[in-house]
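Student: The structure's right below; bear with me while I get my questions together.
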2 protein chains.
Amino acid sequence: MSNPVLVEVTRGPLTESVHRGAFAVADAKGALRLHAGDVERPIFPRSALKPVQAVPLIESGAADAFGVTDEEIALAAASHSGEPMHTARVLAWQARIGCSVADLACGPHRPVHEPTAAEMIARHERPTPLHNNCSGKHTGFMTLARHLGAPVAGYQLIDHPAQRLVEKTLKEMAGLTGELPYGVDGCTVPNFALPLEALARAMAQFADTTALTPNRRAAADRVVRAMTANPELVAGTGRACTQLMRQSGRIVVKTGAEGVYVAILPELGLGAALKIDDGASRASEAAIAGLLIALGALPDNGAAAQLARAPVPNTRGVAIGERRAVFDVFR
Amino acid sequence: MSNPVLVEVTRGPLTESVHRGAFAVADAKGALRLHAGDVERPIFPRSALKPVQAVPLIESGAADAFGVTDEEIALAAASHSGEPMHTARVLAWQARIGCSVADLACGPHRPVHEPTAAEMIARHERPTPLHNNCSGKHTGFMTLARHLGAPVAGYQLIDHPAQRLVEKTLKEMAGLTGELPYGVDGCTVPNFALPLEALARAMAQFADTTALTPNRRAAADRVVRAMTANPELVAGTGRACTQLMRQSGRIVVKTGAEGVYVAILPELGLGAALKIDDGASRASEAAIAGLLIALGALPDNGAAAQLARAPVPNTRGVAIGERRAVFDVFR
């Protein structure tokens, strides 16, 4: 059985391309409230794991011990665009914990934000690991390592206490036991695989924290508060996550590479997770917008509507087709 | 029924993403020699149509009348990378027919060749329609318009004699009758939709031209000769088409947007066409390489093998997974 088509791309009278995928919507009691496709096969959440990866930073007491701000928590859970607003804050945080860019285990990539990348090219400046979209997450791990009295070097390795805490937290929030399969993420950190339904359940724990232990609850509440208050830091100028979070002001929307999205919907008490089979972000953006509209978490206008139904322009800027969420699947 | 998985992308112990698609391999008599997936549904060949779009330029006598060189024929059939070797030749050709960049109907996009794009950014130079990967094709249409005594302005419109000749040529080579559905390509020119099996048959006409009329035969032979002799002009430095064509020296490999590839295999007397359902070029490149290896058109080493099985690196350059053609499907 193949997954259903979640997004289609038209050109003139025909559908030119299609994107299949699966999604799950769960509540904090673990009930699957809506789903389509195979939600039992393990998938890599990639950067959609970041809200979970930020929990041990707070729950351990590290954030309080090092005076980590809500902006920094948002950056710990971010796939940032490498704009000055991101890199300056990550640098300042690193200085405060006695670390530097040289301690980052992630490699360099050019800023996701095109104007920033172009300015760097014009200045003949090369990207550093600071511009890596994960540099905030890594700085969070370094902060956690410092607080645990563990070495900063090697914080990205599977046996480092920081990563052990991430796996433990993920399993508890997702309701899983046993060792999780893992792969190495683009930023060198372990990324744990789990079924979409379990990822949705983990997100539902953030949406309704009433059943969590007091420490976990405070940590999860703070992650949601920090992310919703700082949508520009969680992604960046013009990015889908930022636009969708700003449109509501009360939800968390987080992308992951290879076509993943999660959402935390506190007012509905729901968590959502989706993955496009082929990994295309143009499709995951349309699909999460379509799903959030269908759930009533976002209105069918503004950024959500524009992502759910986007014109496909030619090089003269004329719309010659449409990329659109297949709404029938999300209802 | 969904199409089979042609390409899979792994991370650590799991398959992270998959790309479904269909392909057809035909001979010049029209027999389907190999296929998988739905090869009857109309697809847009996009730039994989360019070998056909170059035929009327030669068959009409326009190329001879304007002294069009084999390098220029290759550019007429190219999705070029906007490197100086491409843009300088297109400019010179335009000057010879009394046209200029201002006559190009296509819009601007930055050069596909990253170093060229970076140099332009550093010089604060904006891309023009000359850098559009289709500017050679458009210059071919302008040459054809001049020769036919038709206005150059409007050469991109469906009723222009140049586009009527393209549709007529495509239908004859693909063995189709009636009007073909069409959409507007990224470069503003009509792109005609046809089944993958028909597109493969059209490519087979290039591979074995013995049954064509003398004029059509001379034109088709010249397109193949011009493309195989100039693989750098057909795409550009480091591009998949260029690498695969260079590896053989005797085949044509041409990509099209949204996951399309065609191949012309004169020594086997075969034409091939494939489309990835989701439109991903990372997948179409792996799939065409896998198909060409399976057909024996390319050896299982060098560029073909590297495209068919490519390591997926993290930002530190360490391979953490693999993108690979699913060879079982191609055999």
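The values are calculated or read from the model by the stated rules, or taken from the named source; none is laboratory data. Remember, it's a predicted structure, so these values are computed and weren't measured experimentally. Glycine gets a Cβ as well: all are built from the backbone with ideal geometry, and neighbour counts include every protein chain shown. Quick note on the areas: whole protein, heavy atoms, side chains included, nothing else; ligands and nucleic acids left out. Shrake-Rupley method; radii C 1.70, N 1.55, O 1.52, S 1.80 Å.
Student: For segment B:245-277 and segment B:87-158, write down the distance between their C-alpha centroids in whole Å.
Tutor: Taking the Cα centre of each part, segment B:245-277 and segment B:87-158 sit 25 Å apart.
Student: On to the next question. Let me make sure I get this right: for segment B:195-285, a, b and c are the square roots of the gyration tensor eigenvalues over alpha carbons, sorted descending. Under 1.5 in a/c it's rounded, otherwise prolate if a/b > b/c, else oblate. Which is it?
Tutor: Oblate shape, in that a/c is at least 1.5 and b/c is the bigger or equal ratio.
Student: Can you give me the % of accessible surface on chain B that is carbon or sulfur? Probe 1.4 Å, all protein chains present, nothing else counted.
Tutor: Solvent-exposed carbon and sulfur of chain B make up 53 percent of the total.
Student: Just check the protein assembly as shown against the gyration tensor rule for me: Cα atoms, a ≥ b ≥ c as the square roots of the eigenvalues, rounded for a/c under 1.5, and otherwise prolate or oblate depending on whether a/b exceeds b/c.
Tutor: Taking the square roots of the gyration eigenvalues as a ≥ b ≥ c, the protein assembly as shown is prolate.
Student: Same structure again: Can you report the principal axis dimensions of segment B:239-331 using only the alpha carbons, biggest first, rounded to whole angstrom?
Tutor: Projected onto the principal axes, the Cα atoms of segment B:239-331 cover 43, 27, 26 Å.
Student: Once you average over the residues of B:13-21, how many Cβ atoms of partner chains fall within 10 Å of each Cβ? Could the numbers behind the result be given before it?
Tutor: Working: counts 5, 8, 2, 14, 11, 6, 4, 5, 1.
That works out to 6 on average.
Student: P(r) of segment A:110-175 in 5 Å steps, Cα pairs, percent per bin?
Tutor: Result, from short to long distances: 4, 16, 18, 16, 13, 11, 11, 8, 3, 1 percent.
Student: So, one more: Could you give me the ³J(HN,Hα) list for segment B:96-102, computed from phi with Karplus coefficients 6.51, -1.76, 1.60 and θ = phi - 60°, whole Hz, x at Gly and Pro?
Tutor: Whole-Hz 3J(HN,Hα) from phi for segment B:96-102: 5, 9, x, 10, 8, 4, 5.
Student: Taking a point 7 Å out from Cα toward Cβ as the label site, list the nm distances between B:THR69 and the same residue in every other copy, smallest first.
Tutor: Its label point is 6.1 nm from the equivalent points in the other copies.
Student: Are any of the pairs A:LYS275/B:LYS275; B:LYS137/B:LYS275; B:LYS137/B:LYS171; A:LYS254/B:LYS50 more than 29 Å apart by Cα-Cα distance, and if so, which? Intermediate results must be reported in sequence, preceding the final value.
Tutor: Numbers: A:LYS275/B:LYS275 22 Å; B:LYS137/B:LYS275 22 Å; B:LYS137/B:LYS171 19 Å; A:LYS254/B:LYS50 40 Å.
Among A:LYS275/B:LYS275; B:LYS137/B:LYS275; B:LYS137/B:LYS171; A:LYS254/B:LYS50, the Cα-Cα distance tops 29 Å for A:LYS254/B:LYS50.
Student: Only four residue types carry charge here, +1 at the Cβ of Lys and Arg and -1 at the Cβ of Asp and Glu. Report the dipole size of segment B:1-105 about the Cα centre in Debye, rounded to the nearest 20.
Tutor: Computed about the Cα centre, the dipole is about 280 debye.
Student: Quote the charge dipole size of the protein assembly as shown about the Cα centre in Debye, to the nearest 20; the model charges only the Cβ of Lys and Arg (+1) and of Asp and Glu (-1).
Tutor: Values: 66 positive and 64 negative charges, 52 e Å.
Here the size comes out at about 240 debye.
Student: While we're here: When ranked by the protection proxy of mean other Cβ atoms within 10 Å per residue, highest first, what sequence do the peptides B:51-58, A:295-302 form? Intermediate values should be presented prior to the final figure.
Tutor: Numbers: B:51-58: 27.9, A:295-302: 16.6.
Ranking the peptides B:51-58, A:295-302 by packing returns B:51-58, A:295-302.
Student: Here is a follow-up. Over segment B:272-331, what relative contact order in percent results from Cα pairs under 8 Å that are six or more residues apart?
Tutor: Relative contact order, segment B:272-331: 31 percent.
Student: Another question, if that's okay. Relative contact order of chain B, please, whole-number percent, based on alpha carbon pairs below 8 angstrom and at least 6 residues apart. All intermediate terms of the calculation are to be shown ahead of the outcome.
Tutor: Values: 721 pairs, mean separation 79.9, N = 331.
Once divided by the residue count of chain B, the mean separation gives 24 percent.
Student: Another question, then. In nm, one decimal, shortest first: how far is the label point of B:GLY12 (7 Å from Cα along Cα to beta carbon) from the matching points in the other copies?
Tutor: 4.6
Student: Rank these by accessible area, largest first, 1.4 Å probe: A:VAL112, A:VAL166.
Tutor: Descending accessible area places them as A:VAL112, A:VAL166.
Student: Something else about it: I'd like the interface area for chains B and A: accessible area of each alone minus the complex, both sides summed, 1.4 Å probe, protein heavy atoms only. What is it in Å² to the nearest 100? Spell out each step's value before the answer.
Tutor: Working: alone 13370 and 13360 Å², together 23200 Å².
Buried area between the two chains comes out at roughly 3500 Å².
Student: Then there is this: Could you work out the relative contact order of segment A:132-277, using alpha carbon pairs under 8 angstrom and six or more residues apart, expressed as a whole percent? List each step's numbers first, then the result.
Tutor: Working: 190 pairs, mean separation 26.1, N = 146.
Result for segment A:132-277 is 18 percent.
Student: Within 10 Å of each Cβ in peptide B:269-279, how many partner chain Cβ atoms are there on average? Round it to a whole number, please.
Tutor: 3
Student: For the protein assembly as shown, what is the accessible area per residue in Å², given a 1.4 Å probe and the full set of protein chains?
Tutor: 35
Student: For a quick protection proxy, order the peptides A:308-317, A:251-260, A:40-49, A:5-14 by their average other-Cβ count within 10 Å, most packed first.
Tutor: Numbers: A:308-317: 17.2, A:251-260: 25.9, A:40-49: 23.7, A:5-14: 20.1.
Put in order of decreasing packing, that is A:251-260, A:40-49, A:5-14, A:308-317.
Student: Beta carbons within 10 angstrom, averaged per residue: use that to sort the peptides A:213-226, A:149-162, B:271-284, highest first.
Tutor: Highest to lowest by the protection proxy: B:271-284, A:213-226, A:149-162.
Student: Work out which residues of segment A:43-81 lose at minimum 40 square angstrom of accessible surface when the other protein chains are put back, relative to the chain isolated, with a 1.4 angstrom probe, and list them by number.
Tutor: A:PHE44
Student: Right, something else. Quote the charge dipole size of segment A:211-331 about the Cα centre in Debye, to the nearest 20; the model charges only the Cβ of Lys and Arg (+1) and of Asp and Glu (-1).
Tutor: Working: 15 positive and 10 negative charges, 56 e Å.
Computed charge dipole of segment A:211-331: roughly 260 debye.
Student: Just by accessible area at a 1.4 angstrom probe, what is the order of A:THR237, A:THR169, A:THR228 from largest to smallest? Intermediate results must be reported in sequence, preceding the final value.
Tutor: Details: A:THR237 80, A:THR169 5, A:THR228 30 Å².
My answer, sorted largest first, is A:THR237, A:THR228, A:THR169.
Student: Across the residues of B:308-317, average count of Cβ atoms on other protein chains within 10 Å?
Tutor: Mean shielding count: 4.
Student: If the rule is a partner Cβ under 4.7 Å, which cysteines in chain B fail it?
Tutor: Cysteines lacking a close Cβ partner in chain B: B:CYS99, B:CYS241.
Student: Among A:CYS187, A:GLN205, A:ILE293, flag the residue with its Cα farthest along the positive direction of the charge dipole of segment A:176-301, charges on Cβ as +1 for Lys/Arg and -1 for Asp/Glu.
Tutor: A:GLN205
Student: Hey, another quick one. Would chain B count as rounded, prolate or oblate if I go by the C-alpha gyration tensor, calling it rounded below 1.5 in a/c and otherwise prolate when a/b exceeds b/c, oblate otherwise?
Tutor: Judged from the Cα gyration tensor, chain B comes out oblate (a/c at least 1.5, b/c at or above a/b).
Student: Just how much of B:GLU119 is accessible, in Å², when a 1.4 Å probe is used and the result is rounded to the nearest 10?
Tutor: 100
Student: Put a label point 7 Å from Cα along the Cβ direction on A:PRO84, then list its distances to the equivalent points in the other copies in nm, shortest first.
Tutor: Ordered by distance, the counterparts are at 3.3 nm.
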